[in-house]
Every structure is written in structure tokens, then in C-alpha cells.
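Just below is one structure, and these are the notes that go with it.
The values are calculated or read from the model by the stated rules, or taken from the named source; none is laboratory data. Nothing here was measured: the structure is a model prediction, and the numbers come from that model. In this analysis, Cβ positions are derived from the backbone assuming ideal geometry, glycine residues included, and neighbour counts consider all displayed protein chains. Surface accessibility is based on the protein's heavy atoms, side chains included, excluding ligands, DNA and RNA. Shrake-Rupley method; radii C 1.70, N 1.55, O 1.52, S 1.80 Å.
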Amino acid sequence: EKGGHDYFMLKEIEEQPAAVADTLRGHFVDGRIVLDEQRLSDQELRDIDKVFVVACGSSYHSGLVAKYAIEHWTRLPVEVELASEFRYRDPVLDRSTLVVAISQSGETADTLEAVRHAKDQKARVLAVCNTNGAQIPREADAVLYTRTGPEIGVASTKAFLAQMAANLLVGLALAQARGTKYPDEVAREYQDLEAMPAKIEQLLLGMGPVRELARELAASPAVLFLGRHVGYPVALEGALKLKELAYMHAEGFAAGELKHGPIALIEDGLPVIVVMPSPKGRAVLHSKLLSNIREIQARGAVTVVIAEEGDETVRPFADHLVEIPASPSLLQPLLSTVPLQVFAAEVAQTRGYDVDKPRNLAKSVTVE
Ligand code: M6R
């Protein structure tokens, strides 16, 4: 049942192209994005003037990625909040606020309570969930299901990728309702999304060197992750995977913050994994990150660079280079996350840990 793998998580990493494809399927019909359950009228959707995304853990990271796309496509302000913090700080909510609750299990206590708080304040709630009939989608006004099938590994992998895809569909649904994107633009964005499973598939074929690198670096006391723009939440997710699976000290940073503190951590032999934006799509950020890598390499860090295929500019500064297929910038996290999952799983296996059941963790956190 583990499909020939030692652990479910490794099988679930392999299932990601299907998880994303299945999540997209049926959500673009006759030129329009459709949700699974829609108890909000078109007018109510049009009246939304602010979005909060609430979630925990990896689901929260998928929300951070979504913020870039939703703001860009809809021109609505989007705030992403840890569900455990949300209702304790008296957020400003009303009927024109949309609260997007993202939860694989649909049962996470903090996310559920955030939904209830939002509803008490008359906000509209849209759930992105992987579990049919779970409590969070039952209480929401609209639902988009990720369709990955059950995720057994405690560390989220295929659900995370599917959430990122689903969140983008939510962004397109809002853009469509508000008219901030023409139908042909929505169709183009959807086609770009549809092209992603094949790219993930292609990427997965080349993970051998990442596993080898993980074995090489498995004894490191710590690993840092750097990214910018949508690569920043990917860096956070890479660090979370390494913490929970390999019990290794790992931190993700926005690369622009390096000089404001984290660069003091750089020392000889410290592995730093950098998620590079596309040199064409994000030329300015790309050149800034390039100088960051140069700086940390000069201070002795072992640089592991995740970059778009054909990005030759990074080679001189990459002690290890992991290439990912080219993609539109906002969709890159669907690719750049994958080597980080493989890396964390392999480090954990090398260290002799149970990849599916990391210590102290439960698959769904139903107590606060
Ligand atoms: O079921 P949920 O998506 O609400 O769960 C949220 C987090 O508990 C979950 O993503 C957790 O961080 C995972 N262990 C991450 O791998």
C-alpha cells in the first residue's frame, strides 16, 4: 500500500502531479471557475472588500503563497493570519470580509474557532479543505475541495501542493466575480495551472541528486532557507519540513532581511538553501538574490540553489544546483517546494527517524 516506498510520505510526494490535476479537475467549466459548494450569491462575492486567510502550519504557508496571487489578480487587500492568533486580536470583520480557511483535515481546532469567530462577526467564510464533510467545510459559506485522497504522512506534502492550486482557483474565482480579470485572462491563468502537473512529474524524475545531497548534509546542526516573493513562504515550508521530520534546527527567511540580522548566523559549512525566482519573470528580485548568495558563499556557507532550468547566472555561486522547470512566477512554488520535501524526508531517513510519524506530532490538531 506504500507503493513500493519505505514510507507513505515518499509515495505521497510521488502522487503530487495527480493531486494537483485532480484538484483542478471540474473547477473550470464553460469558461468559468466554479467552486464545489457555493452558498454565496454573485453579488455577495462582488461586495467583498477585504480577504483574511486563516490556517495553521503548512496550510498557513499555502495561504502566504496565495496572498501574492489574490492581491495581484483581484486588487483586494489580503492578510494571512495564523488561525491561533486571529481571534485573539479582535480582527476587523464585517459582511464584506471574506475569510478563507485552509485546512487539510478540516478539523483543526484553531482554524475551526477562527471560522466561528468570523461568522459571529458576519464575515463570509470560504473553506479550502481535503476532507469531505469535515467540520470546517460544514460551517463555511463556500467550499473548494482539494482532491488528494487521504494523506497518511504527518508531514503535509500532496495536500500542501493541492492547497496552493486550490487557493489560486479561489483567487481566480474572486477576480472573475469582481471583473478584475477578463474571461480570456482567467482561462489563460487556468491553462498555466493545468500545465503544472506535467512539470511536477518531470521534476520528480530528477530527485536523485537531491537525495544524495540530503545524505551528505544530514549531520549538519542547522540549515537555513532563503527566498523572496512567493519563494519566501516556500523557504518557510522547507524549514518546517526539516524541523518536523529531521528534528533539525531550520529557519526560513525573506532574503531581504539577511542584513537585518540573520546574516550573523552564516559560518563556515552552514548549508543555506536558496529559492531563486525566475530570471525573466522576476529579474529585479533575481539579481538581488544573486548578490545575497554571493555574500553568504563568501562567508563560508554551503549554498544549495534551487533555480529555473537554464539559469546560468547562478552557477558560479551554487555549491549545489537543483534545477526546476520554468513556470509563471506565481506558480513556481508548486515546483520549488518539491525538492525541499524530498530533502527533508531523506535527511530524516538518513538520521534513522520515522518519516511518517515524527515524534510529538499528530496528523490533525483537534485541541488548541
Ligand atoms: O489539517 P490542517 O491543514 O488544518 O493542519 C494544519 C497543520 O497542523 C499542518 O499543516 C501541519 O503543520 C503539518 N504537520 C505540516 O506538515
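For the reader, a short list of remarks on this structure follows.
- Against the test of being away from the ligand (no atom under 16 Å from the Cβ) and surrounded by 21 or more Cβ atoms within 10 Å (Cβ to Cβ), the options 301, 344 yield a single qualifying residue, 301.
- Once the range 12-42 is narrowed to residues that are touching a residue at least 60 places away in the same chain (Cβ under 8 Å) and among the acidic types (Asp, Glu), the residue that is nearest to the ligand (Cβ to nearest atom) is 12.
- Considering the range 136-189, the residues that are of a type in the set (S, T, N, Q) and away from the ligand (no atom under 11 Å from the Cβ) include one that is nearest to residue 25 (Cα to Cα), namely 148.
- Reported count of residues in the range 217-245, each being in a helix (DSSP H, G or I) and either over 26 Å from residue 286 (Cβ atoms) or within 19 Å of the chain's Cα centre (by Cα) (or both), is 15.
- So residue 295, is it under 21 Å from residue 261 (Cα atoms), acidic (Asp, Glu) and at pLDDT 95 or above: yes
- For the range 269-312, a residue qualifies if it is within 21 Å of residue 210 (Cβ to Cβ) and of a type in the set (Val, Ile, Thr), and the qualifying residues are 272, 273, 274, 275, 293, 296, 302, 303, 304, 305, 306.
- Of note, residue 112 does not satisfy the criterion of being touching a helix residue (DSSP H, G or I) at 6+ places or on another chain (Cβ under 7 Å) and more than 14 Å from the ligand (Cβ to nearest atom).
Per-residue answers, yes or no, for (1) in contact (Cβ under 8 Å) with a residue 12 or more places away in the chain; (2) surrounded by 24 or more Cβ atoms within 10 Å (Cβ to Cβ); (3) over 18 Å from the mean Cα position of the chain (by Cα):
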residue	(1), (2), (3)
129	yes, yes, no
132	yes, no, yes
137	yes, yes, yes
142	yes, no, yes
148	yes, yes, no
154	yes, no, no
158	yes, yes, no
162	yes, yes, no
182	no, no, yes
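- Residue check for residue 236: open to solvent by 20 Å² or more (accessible area, probe 1.4 Å) and within 14 Å of the ligand (Cβ to nearest atom): yes
- Annotation: of all residues in the range 347-363 being assigned to a helix (DSSP H, G or I) and open to solvent by less than 10 Å² (accessible area, probe 1.4 Å), the one that is nearest to the ligand (Cβ to nearest atom) is 348.
- One residue from 337, 366 being hydroxyl-bearing (Ser, Thr, Tyr), within 14 Å of the ligand (Cβ to nearest atom) and open to solvent by less than 60 Å² (accessible area, probe 1.4 Å): 337
- Scanning the range 200-216 for residues that are over 30 Å from residue 284 (Cα atoms), open to solvent by 20 Å² or more (accessible area, probe 1.4 Å) and in a helix (DSSP H, G or I) yields 208, 211, 212, 215, 216.
- Some residue of the range 43-62 being modelled with pLDDT under 95 and within 16 Å of the ligand (Cβ to nearest atom): no
- Scanning the range 74-97 for residues being open to solvent by 10 Å² or more (accessible area, probe 1.4 Å) and more than 16 Å from the ligand (Cβ to nearest atom) gives a total of 11.
- Scanning the range 257-284 for residues that are surrounded by 15 or more Cβ atoms within 10 Å (Cβ to Cβ), under 21 Å from the mean Cα position of the chain (by Cα) and at pLDDT 95 or above returns 272, 273, 274, 275, 276, 277.
- Options 109, 101; residue that is closer than 22 Å to residue 361 by Cα and either without any contact (Cβ under 8 Å) to a residue 24 or more places away in the chain or in contact with a strand residue (DSSP E or B) (Cβ under 9 Å, 6 or more places away or on another chain) (or both): 101
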